[in-house]
1. Is at least one residue of region 132-140 within 22 Å of the chain's Cα centre (by Cα) and open to solvent by less than 20 Å² (accessible area, probe 1.4 Å)?
2. What is the one condition in (1) surrounded by fewer than 23 Cβ atoms within 10 Å (Cβ to Cβ); (2) part of a loop (DSSP other than H, G, I, E, B); (3) out of contact with any Phe, Trp or Tyr (no Cβ under 9 Å at 6 or more places or on another chain) that Gln303 does not satisfy?
3. Mind checking which residues of region 288-300 are part of a loop (DSSP other than H, G, I, E, B) and either under 15 Å from the mean Cα position of the chain (by Cα) or not basic (Lys, Arg) (or both)?
4. So Lys265 fits all but one of (1) touching a helix residue (DSSP H, G or I) at 6+ places or on another chain (Cβ under 8 Å); (2) open to solvent by 40 Å² or more (accessible area, probe 1.4 Å); (3) farther than 20 Å from Arg82 by Cα; what number is the exception?
5. Among the residues of region 89-103, write down those that are within 15 Å of Gly335 (Cα to Cα) and surrounded by fewer than 24 Cβ atoms within 10 Å (Cβ to Cβ).
6. May I ask you to say which residue of Ser354, Ser326, Ser376, Ser341 is loosely packed, with under 15 Cβ neighbours inside 10 Å, in contact with a helix residue (DSSP H, G or I) (Cβ under 8 Å, 6 or more places away or on another chain) and not hydrophobic (A, V, I, L, M, F, W, C)?
7. Residues in region 49-74 that are over 17 Å from Glu34 (Cα atoms), under 18 Å from the mean Cα position of the chain (by Cα) and not in a strand (DSSP E or B): how many?
8. Name the residue that is nearest to Gly301 (Cα to Cα), counting only residues in region 163-221 that are of a type in the set (A, V, I, L, M), touching a Gly at 6+ places or on another chain (Cβ under 8 Å) and open to solvent by 40 Å² or more (accessible area, probe 1.4 Å).
Amino acid sequence: MTLRFAPLIALALATSSLVSCGSPGPVEEPPLSEEALAAVSKDPGAPTKALARAADELFTLDGLGETRALVVYHGGKLALERYAPGYDKDTRFVSWSMAKTVTAVMIGMLVADGQLRLDAPAPVPRWQRTGDPRAEITLRHLLQMRSGLEHTEAGDPPWESGEVRMLFLDGRDDMADYATAQPLEAEPGEKFEYSSNTTVILAAIAARALTDSKDPDVRRKAVADYLKARLFEPLGMTSAVPEFDRAGTLIGGSLIHATARDWAKFGELLRNKGSYRGEQLVPRQWVDEMVEPSPRSPQYGLQTWLNRPLPEGEEHPLFPDRAPHSAFSLIGHMGQYVFVSPSQKLTVVRLGHSNAEERKAMLQQLADVIELYPAS
């Protein structure tokens, strides 16, 4: 028996030897550049080389779009900061829809001041006429994007969308007037529909809470001064520049400019439940409300995106399979993110330019950075 199978055994051993010789060993990753390593601070809360590499790939991999700024805070300390050529720590980046969450914070402060009520009918004069069904829309409905108004964020062709018409066409001079004039397409509270027009309505409500004047300059100053005194200056967001339309209404759904570091400060404020250096700038209860899922959209709170699971088949704007469900994010057009994960003591700012397909891949790479930090 032994002699009979000896040739087969020898052949098997030879084949095994050839396979062993021809198989590649562990793939060596390319060395990290000085720029990649220099972006990571001392004691970043994650393995330095792994963090440097995951961040570097956000800037260098094909198919992710253009990352222009990446800032990571862990436990309240700067863990990583990097910019693409042409951008730096002093560059003001446009918020796009990240501004919506700032608007929600302003509304929350006005609620705390006793100027507004969350579950009362939204104080929009046009809607208070006898028999107008829009009088049933509450402030909470607006904050949760379930007003029922006929607002179309993205249209085909694009210039037919409510957002484009409000920002750039027939609504641009008085955006709130355009947004509040739209009819209902659903019962207030029954339908989630993401809408920049809705946030402009909130911004106009804030202006009316702060001044009775219809003078655009007075309205503009009242809101700008309030944001500066109550939020931006105490938080150290000294670079923040809000934009207003000709009627003096904050373009609260899309146009606030600030540096990446200042966007990180705003994220840290929310991570710390509205507290900054021992001062409660925003009521803790309000921040809790902001990250509570809407009855019509588990992925959305008060002008804030949540990392909560969606029913199978629905596309998620974040990555609940790769980060804690308690995490949440500001999200802006073309890939602006301030991602906050309280259980990981983490705030991550990614700013840049990525189209819809690139954002899908970019988000997975961003998740690679986030996954380096364990949840407590």
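1. The answer is yes; a qualifying residue exists.
2. For Gln303, the failing item is (1).
3. Val291, Glu292, Pro293, Pro295, Pro298, Gln299
4. (3)
5. Phe93, Val94, Trp96, Ser97
6. Answer to the check: Ser376.
7. Total meeting the criteria: 2.
8. The selected residue is Leu184.
The values are calculated or read from the model by the stated rules, or taken from the named source; none is laboratory data. Owing to the predicted nature of the structure, the values given are computational and were not obtained by experimental measurement. When we count neighbours, we look across all protein chains shown, and the Cβ atoms used for this are built from the backbone with ideal geometry, even at glycine. Ligands, DNA and RNA are stripped out before the accessible areas are found, and what is left, the full protein with its side chains, is counted by its heavy atoms. Shrake-Rupley method; radii C 1.70, N 1.55, O 1.52, S 1.80 Å.
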